[in-house]
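No value in this document is a laboratory result; all are computed from the given coordinates. Remember, predicted model here, so these are calculated numbers, not experimental data.
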Amino acid sequence: MVDAVDRATRSQIMARVRSKNTKPELAFRKALFARGLRYRLHGAGLPGSPDLVMPGLAAVAFVHGCQWHWHGCARCRMPKTNVEYWSRKFARNQERDRAQVTALRKLGWRVLIVWECALKPNKLDVTANKAAKWLKSGRGKFLTIEPRRAIR
């Protein structure tokens with residue numbers, strides 16, 4: 001299938017996709033801050049540059065976009081053009097995510113992954129409460145927060 005837009009337009013569209021300070025990330029940060037949690041942003045010295053770093057809690061948090069990290073929820077749609085490329089790309093992203101979590105765990109960090117679909121306005125409070133409770137508890141080495149969903 002041929003792309004609906006020309007190459008230059010597609011390039012401009014893709015250039016606007018951000019990896020830091022996304023709307024879901026900002027909403028999650030604000031919700032955690034309101035619950036008394038403090039953090040550093042985008043831990044450049046750590047594997048995967050976690051979105052939030054909480055050294056006092058020995059914890060890091062990633063806010064994963066459902067599409068780019070291929071969550072499998074309704075927000076994930078395989079592009080209709082260049083399917084082979086995108087399939088490989090999403091698989092590489094997932095493998096890289098697993099390797100980063102493993103590396104962080106070996107360094108002694110607790111890892112929290114929050115999926116974009118769990119940060120919709122109607123789910124944000126529940127997600128933030130669950131995350132804050134887990135972070136403050138100091139227990140558990142890994143937590144992923146996602147809303148209940150049907151696997152496709």
## Note on the structure
Too long for a 29 Å Cα-Cα cut-off, among K106/K130; K20/K89; K30/K89; K23/K141; K23/K136; K80/K106, are K30/K89; K80/K106
### Query
Excluding same-chain residues fewer than 8 positions from K120, which aspartates and glutamates have a Cα within less than 17 Å of its Cα?
E25, E146
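Once you have the alpha carbon radius of gyration of the chain, what is it after dividing by 2.2 N^0.38 Å, with N set to its residue count? Don't skip to the end; give the middle numbers.
Numbers: Rg = 16.5 Å, N = 152, 2.2 N^0.38 = 14.8 Å.
Taking the Cα Rg and dividing by 2.2 N^0.38 Å, one obtains 1.11.
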